[in-house]
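The values are calculated or read from the model by the stated rules, or taken from the named source; none is laboratory data. Since this is a predicted model, take the numbers as computed values, not measurements. All Cβ positions, glycine included, derive from the backbone under ideal geometry; neighbour counts span all protein chains shown.
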């Protein structure tokens, strides 16, 4: 199956869903304070499908492929950095806690 290139917004939403799944399964604590702290529990660089061959290939194809030294294209690195920075802000603003914690009313 050939993956379509995810938009930045799609990648961010996928990352959030995967993080929440890991919190609910107990792999990541709900009080994890930042994106970098996720690395204490998981390979956080893989959130968003970034370690899946088809997703990575679609992104590489979109952003121009690896350079002669097998490095990532600058635009792709910017994409990853923007996604991770967005997740870092979301976590610091209480995103995990808001979604992973039950409502005080039990809803």
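Here are the numbers for the structure shown:
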item	result
Every pair of residues 6+ apart whose Cβ atoms lie under 8 Å, when the first sits in the range 78-92 and is in a helix (DSSP H, G or I) while the second is exposed (fewer than 13 other Cβ atoms within 10 Å of the Cβ)	88/36; 91/33; 92/33
Selection count where residues are modelled with pLDDT under 90 and buried (at least 17 other Cβ atoms within 10 Å of the Cβ), scope the range 69-86	1
Tally of residues being over 14 Å from the mean Cα position of the chain (by Cα), surrounded by 13 or more Cβ atoms within 10 Å (Cβ to Cβ) and touching a residue at least 60 places away in the same chain (Cβ under 8 Å) across the range 17-47	2
Positions within the range 48-60 being surrounded by 17 or more Cβ atoms within 10 Å (Cβ to Cβ) and either assigned to a helix (DSSP H, G or I) or more than 10 Å from the chain's Cα centre (by Cα) (or both), in sequence order	48, 49, 55, 58, 59
Options 66, 89, 27; residue that is at negative phi and modelled with pLDDT under 95	66
Residues (out of contact with any helix residue (DSSP H, G or I) (no Cβ under 6 Å at 6 or more places or on another chain), more than 20 Å from residue 93 (Cα to Cα) and touching a residue at least 24 places away in the same chain (Cβ under 8 Å)) located in the range 1-16	1, 2, 4, 6
Of residues in the range 2-16 being in a helix (DSSP H, G or I) and either within 19 Å of residue 60 (Cα to Cα) or modelled with pLDDT under 95 (or both), the one nearest to the chain's Cα centre (by Cα)	15
